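A quick write-up on the structure given underneath.
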Protein chains: 2
Amino acid sequence: MERIETGAAIFWEGDAADHVFAVVEGVLRIHKLLPDGRRVITGFIYPGDLVGISLRDRYLYTAEAVTPTRFRRFGRNRFQEEINKSPELRPQLFARLCDEMAAAQDQMVLLARKSAEERVASFLLIIANRLAGDQRSPVIDVPMTRLDMADYLGLTIETVSRTMTKLASRGVIAPCGRHAVTIRKLEMLALLAGESDEDDNRWTSNTYTQQAVWPH
Amino acid sequence: MERIETGAAIFWEGDAADHVFAVVEGVLRIHKLLPDGRRVITGFIYPGDLVGISLRDRYLYTAEAVTPTRFRRFGRNRFQEEINKSPELRPQLFARLCDEMAAAQDQMVLLARKSAEERVASFLLIIANRLAGDQRSPVIDVPMTRLDMADYLGLTIETVSRTMTKLASRGVIAPCGRHAVTIRKLEMLALLAGESDEDDNRWTSNTYTQQAVWPH
DNA sequence: CGTCCATTTGACCTGGATCAAGCTATGTGG
DNA sequence: CCACATAGCTTGATCCAGGTCAAATGGACG
């Protein structure tokens, strides 16, 4: 089990992709940079998730700790073999990849067509959902900074801040310090997020993958 | 082998996901709709690609023909078995999923941070690359309409049109009728697309997956 | 307490959206 | 073979959501 502090990277975009990592505790951000420095966070990694799977010989993105993070490391080849051998792990990995693809498509919808308010509302619902297994409380943990949120949502830090303030002033959410929020009106938030076909249970059961126990 | 005409759908978002499809000829667009009708095209499917793989019992998107399309249909269960049995097909499918994931992440970068001009330039390079196997010519086929391009790039039809006109007036591209374009200055186009770290060979060899022969 | 960031708030600006005509290839049927 | 319908595309004029720049404000930690 390895451990890194907030801000440290497990690997960088372009590093030789020799390992796969399983996060045990903490949150990571996955990002890509354009040559001029524009940053896009393509996802956040929570405990139980894997990072670094790819076919290329180099990582296509950087993985950094949003909070202090503990993780396990697997040799790339050993990981591949293990997956290939186990008729139990294999479909679990496949399931992960499919879920990840579905999330990526939802993110494309968000980035291509949603307004700033819809993006922020969607984001709050997404992270509320990530935690849903652990806890069922209207108080959700927001470990990332406003800049992380902005780079994930394709907005600026100022727009994220203004939008959060507006949601709070309308009583939809209530800030609990910098890194937590109380959701006061869940239905309203789902409505503001767009894609809510009212009786939509997407936000209460959206993952079909169970907790996997990765090798070792 | 089945066949559909331009505009027809193979399946709709929300349909029972009972089959997987392999496109043999033609081009499909994959899209998702927000409840108010905003459309996002999350990808285009070319001959040799698969569509409809998912773990959910419903498709998460609609697949429609951009051009007349011929495709093969596989029962979902039979497809899963076939993949699971074959130690040859399995890594190929895995490779596809990884490539698709990499493309999705590039698209998130495009949608989150690129300007209209960068988006259009990136798009032209992407489709030029899709065809690269078939032909090596500066004349690239653009089977989709301006509206399809707009909904893929998170822009409006007007902005796509204006941007194409501007690229043409600068001699970077030259229109060849509505559905083809000559690339006059490939380096310039790559530069305008952003992410060009000059000596970047991303655009000449970006796929590690070979042509797979899907079952049947 | 003071320093240092993260965040909020305010004022202004702009790229791309929106609204509104024209234009151009295909048909199509007389 | 030619009007003329039609759907896709281009072009122009105006608008505005969110970006940019700048200045407080606030909280965590020595």
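Worth pointing out:
- Scan of region B:160-180 for residues that are more than 13 Å from DNA strand C (Cβ to nearest atom) and either in a loop (DSSP other than H, G, I, E, B) or within 14 Å of chain A (Cβ to nearest Cβ) (or both), ordered by number: B:Arg170, B:Gly171, B:Val172
- Which listed residue is among the basic types (Lys, Arg) and surrounded by fewer than 19 Cβ atoms within 10 Å (Cβ to Cβ), from B:Arg39, B:Arg29: B:Arg39
- Within region A:102-116, one or more residues are within 16 Å of DNA strand D (Cβ to nearest atom), β-branched (Val, Ile, Thr) and within 14 Å of chain B (Cβ to nearest Cβ).
- Residues satisfying the stated conditions in region A:21-70, i.e. within 11 Å of another protein chain (Cβ to nearest Cβ), assigned to a strand (DSSP E or B) and either on the phi > 0 side of the Ramachandran plot or touching a Lys or Arg at 6+ places or on another chain (Cβ under 9 Å) (or both): A:His31, A:Lys32, A:Leu33, A:Arg39, A:Val40, A:Ile41, A:Thr42, A:Gly43
- Filtering A:Leu192, A:Leu186 for residues that are in contact with a Leu (Cβ under 8 Å, 6 or more places away or on another chain) and surrounded by 15 or more Cβ atoms within 10 Å (Cβ to Cβ) leaves a single hit, A:Leu192.
For every residue, the table says whether it meets (1) closer than 27 Å to B:Arg178 by Cα; (2) not charged (D, E, K, R).
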site	(1), (2)
B:Ser54	no, yes
B:Arg58	no, no
B:Glu64	yes, no
B:Arg72	no, no
B:Gln80	no, yes
B:Pro87	no, yes
B:Ala95	no, yes
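- The residues of region A:143-159 that are more than 6 Å from DNA strand C (Cβ to nearest atom) and assigned to a loop (DSSP other than H, G, I, E, B), listed by number, are A:Pro143, A:Met144, A:Gly154, A:Leu155, A:Thr156.
- Residue match in region B:60-77 (condition: surrounded by fewer than 20 Cβ atoms within 10 Å (Cβ to Cβ) and free of Cβ contacts under 8 Å to residues at least 12 places away in the same chain): yes
- Scanning region A:84-101 for residues being more than 9 Å from chain B (Cβ to nearest Cβ) and outside any loop (DSSP other than H, G, I, E, B) gives a total of 4.
- For region A:143-157, a residue qualifies if it is under 13 Å from the mean Cα position of the chain (by Cα), within 14 Å of chain B (Cβ to nearest Cβ) and more than 10 Å from DNA strand D (Cβ to nearest atom), and the qualifying residues are A:Asp148, A:Met149, A:Asp151, A:Tyr152.
- Residue satisfying condition, being farther than 26 Å from B:Ile41 by Cα, crowded, with 17+ Cβ neighbours inside 10 Å and away from DNA strand D (no atom under 16 Å from the Cβ), within set A:Ile127, A:Ile140: A:Ile140
- Condition met for A:Val23 (modelled with pLDDT of 95 or more and more than 21 Å from A:Ile83 (Cβ to Cβ)): no
- Every listed requirement among (1) without any contact (Cβ under 8 Å) to a residue 40 or more places away in the chain; (2) within 14 Å of another protein chain (Cβ to nearest Cβ); (3) part of a loop (DSSP other than H, G, I, E, B); (4) within 15 Å of DNA strand D (Cβ to nearest atom) is met by A:Gly194 save one, (1).
- Complete set of residues in region A:115-142 that are assigned to a loop (DSSP other than H, G, I, E, B) and within 12 Å of DNA strand C (Cβ to nearest atom): A:Ser115, A:Val142
The values are calculated or read from the model by the stated rules, or taken from the named source; none is laboratory data. Owing to the predicted nature of the structure, the values given are computational and were not obtained by experimental measurement. Note that each Cβ is placed from the backbone with ideal geometry, even for glycine, and that neighbours are counted across all protein chains shown.
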